[in-house]
Amino acid sequence: MNLANRSLITIDDLSNGEIETILFLADEMAALINDQCEVCRGKIMASLFFEPSTRTRLSFETAMLRLGGHVVSAVDIGATSLAKGESIADMARVVGSYADIVVIRHPWEGAAKVVADYAGIPVINAGDGSHEHPTQTLCDLYTLKKEKQTIKGLKVALWGDLKNGRTIHSLAYALARFGATILFRPSPGLEMPEYALRKLTTEYEGKLERDAETLKHAFQGRLFPVDAMYITPSHPHQLAMMPDISIQIELKTGVDALYVTRFQRERLTAPPEAQEIKKDYLVVDRKLFKEKEFKRALVMHPLPRVDELAYEMDADPRSMYFKQAARGVPVRMALIALLLGTLGTKEVTIPKENESFVARKDYPIYKRDSGVKCPNPICVSNQETEARYIKPEFTIVSFEPLILRCVYCEHELYPKYIASSDWHEGRLENKKYHSADSHLIRKIKPANLIIFAAENEAQARGFKPSKYVTGH
Amino acid sequence: MNLANRSLITIDDLSNGEIETILFLADEMAALINDQCEVCRGKIMASLFFEPSTRTRLSFETAMLRLGGHVVSAVDIGATSLAKGESIADMARVVGSYADIVVIRHPWEGAAKVVADYAGIPVINAGDGSHEHPTQTLCDLYTLKKEKQTIKGLKVALWGDLKNGRTIHSLAYALARFGATILFRPSPGLEMPEYALRKLTTEYEGKLERDAETLKHAFQGRLFPVDAMYITPSHPHQLAMMPDISIQIELKTGVDALYVTRFQRERLTAPPEAQEIKKDYLVVDRKLFKEKEFKRALVMHPLPRVDELAYEMDADPRSMYFKQAARGVPVRMALIALLLGTLGTKEVTIPKENESFVARKDYPIYKRDSGVKCPNPICVSNQETEARYIKPEFTIVSFEPLILRCVYCEHELYPKYIASSDWHEGRLENKKYHSADSHLIRKIKPANLIIFAAENEAQARGFKPSKYVTGH
Amino acid sequence: MNLANRSLITIDDLSNGEIETILFLADEMAALINDQCEVCRGKIMASLFFEPSTRTRLSFETAMLRLGGHVVSAVDIGATSLAKGESIADMARVVGSYADIVVIRHPWEGAAKVVADYAGIPVINAGDGSHEHPTQTLCDLYTLKKEKQTIKGLKVALWGDLKNGRTIHSLAYALARFGATILFRPSPGLEMPEYALRKLTTEYEGKLERDAETLKHAFQGRLFPVDAMYITPSHPHQLAMMPDISIQIELKTGVDALYVTRFQRERLTAPPEAQEIKKDYLVVDRKLFKEKEFKRALVMHPLPRVDELAYEMDADPRSMYFKQAARGVPVRMALIALLLGTLGTKEVTIPKENESFVARKDYPIYKRDSGVKCPNPICVSNQETEARYIKPEFTIVSFEPLILRCVYCEHELYPKYIASSDWHEGRLENKKYHSADSHLIRKIKPANLIIFAAENEAQARGFKPSKYVTGH
């Protein structure tokens, strides 16, 4: 395991063993904080925040300074180089030639990946739109581990805005990987995105129960109604054929942690909608925590909070949110030192590798310049300034049905038409396109696959409809 | 005397002896500036500015760096966490878990106190609305002391915007405590607030002369007309029975310092009013300083200046304002090192304690949740985001008449109705409220006192008017 | 040669030998970057950016940190002290008493000079309006030198926005001084300002060819049409009497560097005009670089770029722009260390002084308070807040015709009327003013010269028109 000179863009960039190493080292860093640590002496971190953030930025900057390093920072730079029309890829190249490591927050999803691709130095994603915020997840895992010793087998409820909360997405993936069971309790209208739920089942092999009747029956009015539940395959009680009984058994011992999130009002475009959602937003308070199912439940929150978590909980020993924040500094110290590779001869004692339940999937890449675009308007691949550098690029998550996943923002795309690039090997009348759901997709080699979002694109490239096109 | 781990929110948080220690240490720090001082090596200051400020912030940050420490800063963060609806109490807790000391400027009066209450580390108030700016006062006292050797017995004129200038309020209290006489010369409409003038007489025991005729007669056209004058009890010439003669004697030798302030236009809400005031604003120039009463007078100004202090004064040896600014660095170095407690084994030679003229008053606290609110709309206790954490809280400065002083912003409140919480010890018909100015107030124990801002509040809590309610 | 305690406001503040020393030292600094250099330990740089800039600011701050120094920074402070109406001269005095060196960017032309005049510590101009950006020029020269060994005799084409690009102005002067030939290729409407072209001929003694027919004939359709060409006197091929043949010979071997600049849209006030210019803006791409004249041409750009430099050029080995940016750090390290004088006993090996072709001109100064104002509306001398400190001041570049050059922003002024201050030595009827183009200008001693922008000003001061006033 060697983290030196790597970047952290999504939580999946780290193996379970690497995450455990970071958390282990964080303990050592916490002990070092009051010493005059010189681990990163002479190194410079560029802290680039294209969105306002006080908490996360100061946590990273404090971490670097506690390591003996330096910081240059550019805050709220939306108005700066962007105003001049510069691409973030260019900016990444330049800043990468100044500093030793970059921390970036940006409103575009996938922006941190672009910066990592061009900077030439390690890059840490401090939040890219609603996509990921992997260091928050490291802090969350660190707290779960310190308080509950292990993450495997824990039951964690995710509560509130599951749609826009980037911390939620990174966390859900990590919990699945470490063998936790996840209860999804969104506020109405703020459910987990489909692509994120799908990733849980395709990538981490647990079972996702979403049937409303089953869930209702299983919960029998206990705890709170959940919208979906991810049941880890690591759990001995799982009885795949009897989901409601399985869930009942799961919940008997209560939840281990309730992860509350703020309603990310700023990510909505329509204010009336925001008002509606605000009204129905779920609040966690002392009354809820009197229920016996929460007896041993940690209250977690990535902060800042507004009203969704009552202030009366602050004195409760189960409340972890200020500890989570404080622990961000040693966790980030560990991460920065490992990415910079400055621990050098200092021995990093690595804990025994915790097996992932699944190896990371090796999906085929689709990168043809064929007019298939990411459907997410704030994906970095859809930004005018970036289009000069980067082309749409997808992993093919599934062939039947055909599902593409954007490599930048992980949003999914379900294209309707396909063709094969080897049509010319036959005769001209082979230059045809087909419905993506026809059986022909099995006959096209992945390397030859051409994908079209719409028929007119296929036709514009000289393809004609085959009989496997619906309606022709 | 031990300043370690304490906060500096108002100048009254420091005893006279502690102030003298800081000024004494500032001399040593000035000598150290060009060495590579390592007194605060490894320590981190969080510099949080919710209002724009270049000068004060850079002075603090320079001081910390000169001590060998580090700085993380968040500038103009009004738009950041506040936009997400976070309370400053939450922010204080989080930043307090990152850094070793916090410097905060905030537009809400009392905000620095809230931060100090929750941060868990030393907090320095770098200006909270129009309330206080105690480190500016330390710089002012340092300059007075270096130029005049002592503050006791000095005559200092405060000139310009005495209403909105927070530096003026902190300075007036400090001058009174060190035994100076103060001449108030406001620009029309910008007089000292009543609560600040009252504090001078109730807390520091000097005499406040405000009678226009007396002042006019006493000045006899010499110097400039003053609006009020605080005469220190330390002065041998004070003849309490003959105020005008006393003042004449006082002024015979001229003033020792003229403290000029900028018109704080940005604190006014009504632009036409601002135009009016601007027109009448008093200007200090070479012509004024030709008068013999100013022969030995220092010209002081907290900067930035606009037009109230003529540029032709810059070359005058009596002009101190750029020296004041420069001296801010060693003064703040001394303060930071003392609050961090990092001087450790280095011996701090403490000068003989200069007696305060009065011990700090120990007023009773009023903290009932009874609907009495601070009348200052920009007091931190009146902000929606803070109401979850903090309740209105007052000191009872006087019972007859009844005067409350907000513990956050020091604005005063004169409530009209009172009751006693021991009504139930008698019969139900005892549950009555009275006029605050009735003699009954003497019969209620302070611990039992209930205060209402209005009759309907008393009635809403089930109290009925007694015969000691005017109009009933 | 001693740079300690000096400021760098325009590239002409440095002799050729001093520039060579900086570039030489930059090589040493580049080697030091990964060591823990302590050359400026304990020193503080104040980084004051009144205009947004990420790249330049981070380059300076990185340089200072790599030298072991500290940084305090104030970013986008337009809204801060300026809002309070403070002069930058006051700000300079105060910040000069905190820090050891100041780096300033400001939208007003000449602002950096004012800061240098008042700060009392070394000041570096990081860009003042469209005036100068001398450290960018040092980076450009460094790259030319590293890639081409010498600047003498090079042919450099300046491309794009030659009007608003401050980097272009500083660079053109430096190229002339080091003996390069310059080809001007502006986008339509964005030609070099007249004052800058004039300075090339009056100060650096080369020949400026601007005749369209001559240039057209000389180029014979090769390369690209140029608007003007500065032919260095150092070049052996120069045949002054046959400019077109001379130019043909010059161009035979192609250009050595093409310096591309972004269209500085933000400096235009009229958006429709911006649209027009944008449409015609010249683009440098791979097709252009296939021409044999560019075979050995470096592609340079100060960045950020928008569309004027195609992304397909990035992989071309002739492309230097990212190298230019990266080299900014060691160049600025060298400059900062020299201005701070911290290299001390460390020996700076100084290369043999490269002779300037011309000594810097010693023009007479015109500083009378006579109503002659700089015609540039964004010159610092025309700002209300600065008028208290600074008076218009000019060098008299030429008497016949009369040309004044503003000492702050270098814009030119062609006043129409003159008089002599020794009129009173004669009789009252001598108090007359004359046309600036009359022969009388030769009879007035420079020390006695009075200059008027308009007749009514002369008359307001009691002068009457002489017979040498046109139209009287």
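Arranged by the count of other C-beta atoms within 10 angstrom, fewest first, what order do B:Ser438, A:Ser187, B:Ser398 take?
Final ranking by Cβ density, sparse to dense: B:Ser398, B:Ser438, A:Ser187.
If a cysteine in chain A has no other Cys Cβ under 4.7 Å from its own Cβ, put it on the list, ordered by number.
Among the cysteines of chain A, those whose Cβ sits 4.7 Å or more from every other are A:Cys37, A:Cys40, A:Cys139.
When we measure straight from the Cα of C:Lys367, which aspartates and glutamates land under 13 angstrom away, once same-chain ones fewer than 8 places off are left out?
Hits, sequence-local ones excluded: C:Glu393.
Cross-link candidates for B:Lys445: which aspartates and glutamates have Cα within less than 13 Å, leaving aside residues fewer than 8 places away along the same chain?
B:Asp422
Is chain B best put as rounded, prolate or oblate by its Cα gyration tensor, with a ≥ b ≥ c the root eigenvalues, rounded for a/c under 1.5, and otherwise prolate when a/b is larger than b/c, oblate when not?
oblate
Can you tell me which aspartates and glutamates have their Cα less than 16 Å from the Cα of C:Lys416? Leave out same-chain residues fewer than eight positions away.
Partners found: C:Glu400, C:Asp437, C:Glu455, C:Glu457.
Suppose we flag GluC sites (Glu not before Pro) only when DSSP calls them loop and at most 14 other Cβ atoms lie within 10 Å. Which is the longest uninterrupted stretch of chain B?
The segment B:39-204 is the longest one with no such site.
Hey, what did segment A:365-465 get for relative contact order, percent, Cα under 8 Å, at least 6 apart?
Once normalised by length, the contact order is 26 percent.
Which distance in Å, rounded to a whole number, links the C-alpha centroids of segment A:450-472 and segment B:153-195?
Each part reduced to its Cα centre gives a spacing of 82 Å.
Which distances, shortest first and in nm, link A:Pro377 to the matching position in the other copies, using label points set 7 Å out along Cα to C-beta?
Inter-copy label distances (nm, one decimal, shortest first): 3.7, 3.7.
Relative contact order, percent, of chain B when contacts are C-alpha pairs under 8 Å separated by at least 6 residues?
About 16 percent, as a whole number.
What is the gain in length, in nm to one decimal, between A:Phe24 and A:Ile396 on full extension, counting 0.36 nm per residue of separation less the C-alpha to C-alpha distance?
Length gained, A:Phe24 through A:Ile396: 130.4 nm.
When the chain is fully extended, how far beyond the present Cα-Cα distance does A:Arg388 get from A:Glu191, taking 0.36 nm per residue of separation?
67.5 nm
Suppose every Lys and Arg Cβ carries +1 and every Asp and Glu Cβ carries -1, with no other charges. What dipole size does the protein assembly as shown come out with about its Cα centre, to the nearest 20 debye?
Rounded to the nearest 20 debye, it is 20 debye.
Greater than 20 Å separation of Cα atoms is the criterion. Which listed pairs, B:Lys113/B:Lys391; A:Lys391/C:Lys292; C:Lys146/C:Lys207; A:Lys443/A:Lys467; A:Lys43/C:Lys145; C:Lys207/C:Lys361, meet it?
Exceeds cut-off: A:Lys391/C:Lys292; C:Lys146/C:Lys207; A:Lys43/C:Lys145.
If we count other beta carbons within 10 Å of each Cβ, what is the order of B:His434, A:His217, fewest first?
The fewest-first ordering by Cβ neighbours comes to A:His217, B:His434.
What nm distances, shortest first, do you get from the label point of C:Pro317 to those in the other copies when the point sits 7 angstrom along Cα to Cβ?
When each copy's label point is compared with this one, the spacings are 7.0, 7.0 nm.
Run the dipole for chain B about the Cα centre, Lys and Arg Cβ at +1, Asp and Glu Cβ at -1, nothing else charged, and hand back the magnitude in debye, nearest 20.
Using only the charged Cβ atoms, the result is roughly 360 debye.
Jot down the per residue volume, in cubic angstrom and as a whole number, of the convex hull over the alpha-carbon atoms of the protein assembly as shown.
Convex hull volume per residue, Cα atoms: 246 Å³.
If you average the alpha carbon positions of segment B:270-343 and of segment C:275-347, how far apart do those two centres end up, in angstrom?
Result: 47 Å between the Cα centres.
Can you tell me how segment A:365-465 classifies by the Cα gyration tensor, rounded, prolate or oblate, using a/c under 1.5 as the rounded cut?
It is prolate, given that a/c is not under 1.5 and a/b is the larger ratio.
For the rotation that brings chain B onto chain A, whose beta-carbon in chain B is nearest the axis, and what is that distance in whole angstrom?
B:Val75, 4
From the backbone phi of segment B:64-73, what are the Karplus-calculated ³J(HN,Hα) couplings (6.51 cos²θ - 1.76 cosθ + 1.60, θ = phi - 60°) in whole Hz, Gly and Pro given as x?
5, 5, 5, 7, x, x, 10, 9, 10, 9
Kirkwood Rh over alpha-carbon pairs of segment A:146-228, then Stokes-Einstein at 37 °C and 0.692 mPa s: what D in µm² s⁻¹, rounded to an integer?
Approximately 247 µm²/s, per Stokes-Einstein.
No lab work stands behind these numbers, since they all come straight from the coordinates. In this text, all values refer to a predicted model and were calculated from it rather than measured experimentally. All Cβ positions, glycine included, derive from the backbone under ideal geometry; neighbour counts span all protein chains shown.
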